[in-house]
Each structure stands twice: as C-alpha cells, then as structure tokens.
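Here's the structure we're looking at; comments come further down.
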Amino acid sequence: MELNRYSHIIWDWNGTLLDDAWLCVEVMNGMLQQRGLTPITKEIYRSMFDFPVRDYYLKLGFDFEKEPFEKVGMEFMVLYNERQNECQLHPEVKHLLPYCELKGYRQSILSAREQNELLQETIALDVRPFFDQVRGLDDHYAHGKTDVGFRLVRDLGAAREKIIFVGDTLHDAEVAREIGIDCILIPNGHHSEERLRSAGVEVLSSLTEFVGKL
C-alpha cells in the first residue's frame, strides 16, 4: 500500500498508540478471580477480546442474569481508570507523530474510549497538538465507534480515498469498511496477528514498518 496517496491518518488510540492491553488483562483477571472464573493470559485475551465488549464478557463466563452488563462494564472502567496513568505510548509513537506531521499528513484519533477521558489522556501524554480531531464515545460501554467515525470523516472534509485508518483490531477494519475508507492493522495491541490477517486488509508487523512506508 502506497501511503503517499493519503492526506489524513486516523489513528485508533487504545492498543494502537497507547500500550494498554497488559492493563486490560490485569484488571479483568482481578474481576474474574473475584467471581471464581478462570483467569486469562495476554495471548488468550488477544484471541478473545472483541466489540461489542458485552460479547467478550459473555465468553469469559460473566452471567448477566446475576449482574447486568452495565454494572460489570462500569466496574471494569473504574478499575482501569484507577491505573490508567501507568500506561504509556508505544515507544515508536513519540517519533512517529511528529514525523507524520513533518511529512504533511493531517492526523486525528477515532477511539472507543470515553470522550473526556480520551482527551485528558492525549493531553497528559503530550500528544494532543498533533491531532486535528480527537473523537471518542459518549459512554464507557464500548458498543462500537462506527457512528462517531462517520461524523469524524464528515467533519474532516477530506475525500474518503485520501484517508487511511490505522488500528489494532478486527473492529477497526470493520469500521473503516463501513465508513468507506482504507485501513491498515498493526498487531501491537488488543488482537493477535493471526486474527488481524483474517480481516482482508494490509497488516504490518509494527509501527516502525508503518513509518518505513511513509
């Protein structure tokens, strides 16, 4: 894929730019242990995690007849947010974003993270100035980000063929397909490379390889 034909890069946040899959595993294992359910490894997590996250919880053994998904989902987010500041950007990101800017690409974020928390994280990690738009969801339940993606693309005012979406999950490929933009996946976050290669889009080995294509 020749990246020089694009003018705008839309980045996914969690997993793609922010290295947080390890924290999702640790938080979830605490919740599973509390309920007498089987803990997971990072490899199992990357093979099971999906959107909508409600389905992922069911796979792990949560019983929504005993406790509603909204309660469980909020519990996860509270525990995650208590430790969120332990997460850092993937090492390549601090060089990647200014390099993309130098090469003339406009950049935005499209995330399933709650909007205000997403904004605060980009500010705390000193990357907010690199993005034209930072778009997340209006709640904590990560139902999906297609609708937000449609609004983002509309507001960017760029032709769809000039936009590339970079993510780390099969959902990112689905969102890009529904919106009508191209997608590249990188297995540095929440889905394994094996799963990503079933998406029918280009899969790169790392953010470093992405830089090499700019």
Check your understanding: Of all the Cα-Cα pairs you can form in the chain, what percent are over 28 Å apart?
Key -> 25 percent
Practice item. Please give the per residue accessible area of the chain, computed with a probe of 1.4 Å over protein heavy atoms only, in Å². Key: 46 Å²
Check your understanding: Once the piece of chain linking SER7 and GLN88 is laid out straight, how much longer is it, given 0.36 nm per residue of separation minus the C-alpha distance between them?
Key -> 26.4 nm
Check your understanding: So what is the relative contact order of the chain, in percent, for Cα pairs below 8 Å that sit 6 or more residues apart?
Key -> 29 percent
**Study point:** Charge dipole (segment 146-214, unit charges on Cβ, about Cα centre) - positive-most of HIS190, GLY149, GLY200
**Key:** GLY149
Exercise for review: For MET74 and ILE123, calculate 0.36 nm times their separation in residues minus their Cα-Cα distance, and state this gained length in nm to one decimal.
Suggested key: 15.3 nm
Check your understanding: Using a ≥ b ≥ c from the Cα gyration tensor of segment 27-119 (square roots of the eigenvalues), is it rounded, prolate or oblate, where a/c under 1.5 gives rounded and otherwise the larger of a/b and b/c decides, a/b for prolate?
Key -> prolate
Study note, to complete from the structure: Expressed in angstrom and rounded, the centroid-to-centroid distance over alpha carbons for segment 25-104 and segment 169-214 is 19 Å
Practice item. Output the antiparallel fraction of DSSP beta bridges having both residues in segment 1-152, as a percent to the nearest 5. Key: 20 percent
Exercise for review: With a 1.4 Å probe and every protein chain kept in, tell me what percent of the accessible surface of segment 8-79 is carbon plus sulfur.
Suggested key: 55 percent
Exercise for review: Give the percent of DSSP beta bridges with both residues in segment 95-192 that are antiparallel, rounded to the nearest 5.
Suggested key: 0 percent
Check your understanding: What value, in deg cm²/dmol to 500, does the helix sum -39500 (n - 2.57) over DSSP H runs of n ≥ 4 give at 222 nm once divided by the residues of the chain?
Key -> -13000 deg cm²/dmol
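The values are calculated or read from the model by the stated rules, or taken from the named source; none is laboratory data. Because the structure is a prediction, the values reported are computed rather than measured. Glycine also receives a Cβ, built like all others from the backbone with ideal geometry; neighbour counts cover every protein chain displayed. Keep in mind that these areas ignore ligands, DNA and RNA; they rest on the heavy atoms of the full protein, side chains included. Shrake-Rupley method; radii C 1.70, N 1.55, O 1.52, S 1.80 Å.
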